[in-house]
1. Kindly list, by first and then second residue, each pair from a residue in region 76-91 that is within 21 Å of L135 (Cα to Cα) to a residue that is among the acidic types (D, E), limited to pairs with Cβ atoms under 8 Å and residues at least 6 apart or on different chains.
2. Give the residue that is nearest to R250 (Cα to Cα), with candidates limited to residues of region 277-325 that are crowded, with 24+ Cβ neighbours inside 10 Å and among the small types (G, A, S).
3. If you check V141 against the conditions, is it in contact (Cβ under 8 Å) with a residue 40 or more places away in the chain and assigned to a helix (DSSP H, G or I)?
4. Can you name the condition, by its number, that T334 falls short on among (1) farther than 11 Å from V230 by Cβ; (2) among the polar types (S, T, N, Q); (3) surrounded by fewer than 19 Cβ atoms within 10 Å (Cβ to Cβ)?
5. Part of a helix (DSSP H, G or I) and within 29 Å of S131 (Cα to Cα): which single residue out of I43, I64 fits that description?
6. For region 255-286, name all the residues that are among the small types (G, A, S) and touching a His at 6+ places or on another chain (Cβ under 8 Å).
7. Condition check: surrounded by fewer than 18 Cβ atoms within 10 Å (Cβ to Cβ), of a type in the set (K, R) and more than 16 Å from V312 (Cβ to Cβ). Does R204 satisfy that?
8. Looking at region 100-130 only, could you name the residues that are surrounded by 17 or more Cβ atoms within 10 Å (Cβ to Cβ) and touching a Gly at 6+ places or on another chain (Cβ under 7 Å)?
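Readers should treat all values here as calculations from the given coordinates under stated rules, not as data from a laboratory. Predicted, not measured: the structure shown is a model, and the values here were computed from it. Cβ coordinates were reconstructed from backbone atoms using ideal geometry, including for glycine residues, and neighbour counts include every protein chain displayed.
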Amino acid sequence: MGARDWRRGGDHYYWLTAYLASHDLQRRTSRAIAGSIFGLGVISVILSFGVLGPHSVGGRVAQIVVAACCVVMAWVWLRPKWPSRRVSQATAVVGTVCIAVSCVMVSSPVVGILGATAYAALGSLVALLHSMRLLAFIWAVGAGVIVYLAVQLAEDDVSVALATALLVVLVNGFAVFASRLVIRLIANDTIHGDLEPVTGLFTRDGFYEQVATLIGARSRNDDRRLVVVVVNLDNHALLADMHGAARAIRVRVAIARSLRETARRGAVIAHPSDSEFWVADLFTQADPHPLAERIRGGVAGAHTGVTASVGVVCTPLAPLAALPSHDVMEELLTVAQTAMFEARRAGGNQTRTAIDPALTVLEEPSSEPGWETG
């Protein structure tokens with residue numbers, strides 16, 4: 001996804017979902033969205049029984065239905081599982097209709113027009129997560145509501161009708177502009193930076209830089225071990241051919257989420273290619289096999305239809321501290337990829353580990369690596 005796609009206003013739901021996950025902000029974001037939706041439902045209930053609310057029984061029933069829809073939508077966003085793109089889009093469409101009904105049903109046109117400011121919150125959410133086409137739908141419905149209510153209000157006072165309508169339009173326009181500006185700045189920083197745009201994980205260069213910092217910040221007396229994991233999806237290409245690129249993207253996002261949940265918080269995780277992921281971390285033990293098995297099991301249990309071949313290399317950290325980090329990573333990745341290919345040749349959905357391999361970057365190579373089957 002390039003800058004041209006952002007100018008066209010393309011849907012970037014999966015990318016931003018991964019970006020929020022990579023910064024541990026998914027849960028906070030979903031709670032904020034759920035709270036806002038629930039709050040709008042509460043406002044609808046309050047208005048339905050007020051003096052300026054709907055006077056007819058049908059109008060009050062409509063407001064209650066709107067409140068019930070808000071409760072359901074809030075529950076969707078409050079669940080532990082982040083909503084899918086289609087669910088999010090459906091929430092935006094239903095929310096657009098609910099706001100329109102609430103604004104039109106109240107007996108006071110002024111209250112109805114001011115209520116249309118709720119489109120600012122909904123429009124901001126869509127501007128952040130979805131395409132300009134969906135935003136255009138929301139604005140079209142909102143414009144219809146504002147015009148309808150402004151015409152009613154103009155019968156009593158034209159200046160008040162124009163002023164309130166303009167105020168709502170300005171609030172909505174600025175909210176969406178601010179949201180698009182934020183997402184554009186994040187996108188430019190990420191696309192040309194160290195994060196891969198689909199999953200929010202590090203790119204190849206970002207991974208090298210982060211691991212270099214991980215190694216360089218240690219001293220020769222550090223007794224921990226550096227573990228590098230290469231995860232290759234066994235049947236990713238076949239899945240993409242059979243089900244399309246969109247399904248393949250969803251799988252990659254799901255695998256990225258699984259790796260974040262499996263690896264420790266301080267681990268460095270990268271997505272250098274469509275079917276491959278890298279993980280680097282520091283261990284105090286010499287056996288990385290449990291980590292490899294957790295990663296393999298996490299991929300298999302992600303319900304994506306793919307499995308993974310996992311290769312792991314584990315080596316003492318202290319001898320690496322004074323060596324060129326790029327050379328160190330090149331060789332460790334080569335060893336881990338060799339282990340991964342061993343797992344693939346054995347049928348896939350397996351792990352292989354190389355403990356204390358002989359590294360050419362070291363002055364005194366250690367013993368030959370021993371392959372362990374998982």
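1. Final answer for the pair search is R85/D11.
2. Among them, the one singled out is A308.
3. It is true that V141 is in contact (Cβ under 8 Å) with a residue 40 or more places away in the chain and assigned to a helix (DSSP H, G or I).
4. The one condition T334 does not meet is (1).
5. Numbers: I64 fails: within 29 Å of S131 (Cα to Cα).
Testing whether each residue is part of a helix (DSSP H, G or I) and within 29 Å of S131 (Cα to Cα) leaves just I43.
6. Filtering region 255-286 down to residues among the small types (G, A, S) leaves 256, 258, 263, 266-267, 270, 273, 275, 280, 286.
Those that are among the small types (G, A, S) and touching a His at 6+ places or on another chain (Cβ under 8 Å): A256, S275.
7. Working: surrounded by fewer than 18 Cβ atoms within 10 Å (Cβ to Cβ): yes; of a type in the set (K, R): yes; more than 16 Å from V312 (Cβ to Cβ): yes.
Yes, satisfied.
8. Matches in region 100-130: S102, C103, V104, M105, V106, A116, Y119, L122.
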